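A short worksheet on the structure shown next.
The values are calculated or read from the model by the stated rules, or taken from the named source; none is laboratory data. Everything numeric in this text was worked out from a predicted model, so none of it was measured. Here the Cβ positions follow ideal geometry from the backbone for every residue, glycine too, while neighbour counts run over all protein chains shown.
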Amino acid sequence: MSQTPQDLLQQLRIERSDRDLPAPRRRWPWLVAALVVLAALVAGALVWRATRAPLVQVATVQAPASAAGSGSVLQATGYVTARRAATVSAQITGRLTEVHVEEGEHVQAGQLLARLDDSQAKAQLALARANEAAARATLGQYQANATLARITLRRERTLVERGLAPEQTLDQAQASAASAAAALASARDQIAVAVAQRQAAQVNYDYTFVRAPFAGVITDKAAQVGEIVSPLSAGGSFTRTGVATIVDMNSLEVDVDVNE
């Protein structure tokens, strides 16, 4: 029996209700396999970490250098001292009119540190110089008198020897010469005294200058302009006994106490 084209189309037609739906895949075998693989990987990682040597962070420490053969370190305490130090004071009592140094300043030996009021010392020096000048002038006069007395004595001796003058004139000439010689000697002694007085006045005047006894550094300035300084302690008064303290930095040494 022959089929028409419509019959053929009808046979080829697929009903929606009869269309084959894809069969559900069985996924659990794959899931089990994945879990097995994952477990194997985890176990392998744990075994690898257990058998692997642990990593240790190493720090490099540099030991301090020590002397060869030294088995211990000696620790001691001490202090630095100066074998040459001085508190400089004026050699006479007086009022400070000048102070030329400050703490920390370097000074040289003989350098001027301070000055005292020199009005009285200067007046005494001027008087001593005047007395010395007067004594020297008097000496000149006595020298002239002594020279004249010697000349007179020689002349009178000649006249007496020739019989031209009495012995009495010779005695007078001898007495006058002796007196002139004594006066001259006294004048010379007066000059020596005047020179000594002038030198003492000069020293007293020089004492108004306070100078550094040696080179060093000023570590303490103990007095100010207008204060009274004295080489002797004045008890509870405001008199200073020192102007400044000098330390010779070339004489420093370390004094250390070490337990035996």
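Structure notes:
- Put simply, of ALA194, ALA181, ALA177 the only residue that is surrounded by fewer than 16 Cβ atoms within 10 Å (Cβ to Cβ) and either outside the structural domain of ILE92 (by TED's automatic domain parsing) or not small (Gly, Ala, Ser) (or both) is ALA181.
- For segment 173-194, the criterion of a residue being among the β-branched types (Val, Ile, Thr) and modelled with pLDDT of 90 or more is satisfied by at least one position.
- Subset of segment 243-260 (residues that are at pLDDT below 90 and of a type outside the set (Asp, Glu)): MET249, ASN250, SER251, LEU252, VAL254, VAL256, VAL258, ASN259
- Any chance LEU164 is surrounded by fewer than 14 Cβ atoms within 10 Å (Cβ to Cβ) and not in a helix (DSSP H, G or I): yes
- Matching entry among THR169, THR219 (being surrounded by 13 or more Cβ atoms within 10 Å (Cβ to Cβ) and part of a strand (DSSP E or B)): THR219
- Count of segment 90-117 residues, restricted to those that are modelled with pLDDT under 95, part of a loop (DSSP other than H, G, I, E, B), farther than 21 Å from MET249 by Cβ and not hydrophobic (A, V, I, L, M, F, W, C), is 2.
- Restricting ALA135, ALA123, ALA146 to those that are of a type in the set (A, V, I, L, M) and at pLDDT 95 or above reduces the list to ALA123.
- Residue in segment 156-179 that is of a type in the set (A, V, I, L, M) and closer than 29 Å to GLU98 by Cβ present: no
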